[in-house]
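The values are calculated or read from the model by the stated rules, or taken from the named source; none is laboratory data. Because the structure is a prediction, the values reported are computed rather than measured. Every residue, glycine as well, gets a Cβ built from its backbone with ideal geometry; the counts of neighbours run over all protein chains shown. We work out accessible area using only protein heavy atoms, side chains counted, and drop any ligands, DNA or RNA first. Shrake-Rupley method; radii C 1.70, N 1.55, O 1.52, S 1.80 Å.
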Amino acid sequence: MKAFGSALRALERRTPPDPTRALHGAIEAIGKIAERAAGEGAFGTFRQRQLVRRGAHVLSAIIQRGVESGAFRPHCARWAVQRLPYAIAAGVCARWVFGLPEERSLGAGAAADAALEALCPPVLASR
């Protein structure tokens, strides 16, 4: 299916300069790609893995850029860059992989909010 490959390439190309907006946009795009592929009956195991792998790669680059710029301040930058992207991509795709109802699955917006909470923890005031 050409549309699936084109959607993945578009995801890899577009990244707004603001890491927060880029992260939200990429997570939303991953969710839309998964939803479209599942709706077309073309979201088999190979495509699931491909979307999670390539989506995580894009998210990792965005998070790395955010850490380097100081926009993201995770407790563990290495974990945030290397592991968090896979958890986000897999979580967003889970609804269509497992056939979960919408109310029992992680939406892209909620995934983005949770990721930003991990990437931008509150600064504790010194006592």
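Just a few scattered comments:
- Filter result (surrounded by fewer than 16 Cβ atoms within 10 Å (Cβ to Cβ) and either of a type in the set (Gly, Ala, Ser) or in contact (Cβ under 8 Å) with a residue 40 or more places away in the chain (or both)) within the range 58-78: Ser69, Gly70, Arg73, His75
- Residue list for the range 20-60, filter: touching a Phe, Trp or Tyr at 6+ places or on another chain (Cβ under 6 Å) and within 23 Å of Leu116 (Cβ to Cβ): Ala34, Ala56
- When the criteria are applied in full, Leu84 fails the requirement of being open to solvent by 60 Å² or more (accessible area, probe 1.4 Å) and within 12 Å of the chain's Cα centre (by Cα).
- Scope the range 44-57; condition among the β-branched types (Val, Ile, Thr) and crowded, with 16+ Cβ neighbours inside 10 Å; matching residues: Val52
- The requirement of being crowded, with 20+ Cβ neighbours inside 10 Å and not aliphatic (A, V, I, L, M) is satisfied by Gly91.
- All of (1) open to solvent by less than 50 Å² (accessible area, probe 1.4 Å); (2) on the phi > 0 side of the Ramachandran plot hold for Gly41 with one exception: (1).
- Counting only helices (runs of 4 or more DSSP H) that fall entirely inside the range 1-111 and contain at least 2 residues that are farther than 18 Å from Pro121 by Cα, the qualifying elements are 2-13, 19-39, 45-69, 84-98.
- Criterion: surrounded by 16 or more Cβ atoms within 10 Å (Cβ to Cβ) and in contact (Cβ under 8 Å) with a residue 12 or more places away in the chain - qualifying residue of Glu28, Glu12: Glu28
- For the range 96-113, a residue qualifies if it is among the acidic types (Asp, Glu) and closer than 17 Å to Ala37 by Cα, and exactly one does: Glu102.
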